[in-house]
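The values are calculated or read from the model by the stated rules, or taken from the named source; none is laboratory data. Since this is a predicted model, take the numbers as computed values, not measurements. Cβ atoms come from the backbone with ideal geometry, glycine included; neighbour counts cover every protein chain shown.
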Amino acid sequence: MVSHNHLITRRGLIPAVFFCLALLGQASSWSHESVVFCSYNLKNWLLMQRSFDDKEAPPTSKPEKEKRKVIEFLKTIRPDILGVCEIGKLEDLQDVQTRLRQQGIDLPYLEHNMGGDPTRSLGLLSRFPITARDSQVKLEYHIGEDIFLMQRGILDATVTLSPQLQIRFLGVHLKSKRAIPEADEALMRRNEAHLLRRHLDSVFHKNPQEKIVCYGDFNEHRNEPAISEIIGSRSSPSYMIDLHLKDEHGLVWTHFWDDADVYGRLDYLFVSRALRPLVETKGTYIFSSAEFDQASDHRPIVMTLKPRPPVASQGQP
């Protein structure tokens with residue numbers, strides 16, 4: 001008589017074999033080519049009220065011409081892994097996924113995360129399997145006696161590039177610089193940054209050698225306390241390295257605020273010490289196009305990971 005445990009093992013055997021074969025296939029491609037990651041604020045790829053004159057007008061999606069321009073830029077970048085913010089529901093993320101597939105960029109694995117904001121969320125699309133998820137939805141903080149939710153939460157997805165290499169992607173979209181009556185917007189970002197740092201510390205506590213990419217729209221300038229807290233102490237094992245990205249002209253801005261004619265760096269890529277040797281500097285940059293604002297008020301930022309860290313030649317220190 002066949003035992004019940006043996007039956008369970010046999011039933012699980014075929015899916016397990018196919019999953020392992022998928023990982024081996026990804027491992028083969030990883031061993032021969034670089035992997036491109038892109039972070040992009042899509043500027044309201046979602047249903048929302050878009051008319052300033054007619055408050056009774058029904059909500060509409062992002063204009064089609066803007067969507068097409070987003071996809072055009074991404075077709076040029078050709079990401080293997082794509083992290084986005086200002087996406088709406090799961091269906092909106094799937095819309096991006098479908099449009100990219102139609103352009104020959106197949107990113108079949110996804111993670112979608114919503115925080116306290118019922119409209120704007122975070123998304124991750126990947127060519128490689130997502131093998132672990134720990135996205136944070138209900139994160140709270142206090143300002144005085146008031147309780148606030150982290151508006152977009154923290155997207156946390158581990159992508160397996162090969163059986164030997166997993167990378168953890170943490171995506172955020174901190175409180176905008178738009179003033180609101182409920183609280184000071186800078187203090188809200190400071191609290192959200194603290195929640196992100198707390199999550200980072202918990203990850204490093206379990207594995208100090210974790211390979212992490214922390215990315216997104218931080219809505220903060222480099223010299224502000226919120227960014228300093230996210231980066232952490234240089235002497236700490238949980239220190240995050242800021243990849244100082246530039247475009248082809250040597251400029252560092254990632255966002256243009258049209259009303260004020262202000263350019264600024266609000267989008268960042270931070271990596272853990274364990275991941276830094278895999279970053280290919282020449283393939284890590286801010287995407288530049290004279291038509292960037294036809295897609296979004298942000299520019300995509302790009303990081304390229306190479307298969308293995310450089311090996312020093314004999315005689316080199």
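Under the condition of being assigned to a helix (DSSP H, G or I), basic (K, R) and under 28 Å from D293 (Cα atoms), the residues counted in segment 226-281 number 0.
Residues in segment 128-138 that are under 16 Å from V203 (Cα atoms) and surrounded by 14 or more Cβ atoms within 10 Å (Cβ to Cβ): D134, S135, Q136. Applying the condition of being among the β-branched types (V, I, T) and under 17 Å from R99 (Cβ atoms) to segment 43-73 and asking which residue is surrounded by the fewest Cβ atoms within 10 Å (Cβ to Cβ) yields I71. Considered as a group, the residues in segment 102-127 that are more than 25 Å from E72 (Cβ to Cβ) and of a type outside the set (D, E, K, R) include one that is surrounded by the most Cβ atoms within 10 Å (Cβ to Cβ), and that residue is G115. The set of residues from segment 248-262 being loosely packed, with under 13 Cβ neighbours inside 10 Å and either touching a residue at least 40 places away in the same chain (Cβ under 8 Å) or touching a strand residue (DSSP E or B) at 6+ places or on another chain (Cβ under 7 Å) (or both) comprises E248, W257.
When P307, P317 are screened for being touching a Ser or Thr at 6+ places or on another chain (Cβ under 8 Å) and modelled with pLDDT under 95, only P307 passes.
From the list E291, E224, E229, E280, the lone residue that is surrounded by 14 or more Cβ atoms within 10 Å (Cβ to Cβ) and in contact (Cβ under 8 Å) with a residue 60 or more places away in the chain is E280.
If you check L161, L155, L122, L196 for being without any contact (Cβ under 8 Å) to a residue 60 or more places away in the chain and outside any loop (DSSP other than H, G, I, E, B), only one passes: L196. With respect to the conditions (1) within 20 Å of Y40 (Cβ to Cβ); (2) assigned to a helix (DSSP H, G or I); (3) of a type in the set (S, T, Y), S202 falls short on a single one, namely (1).
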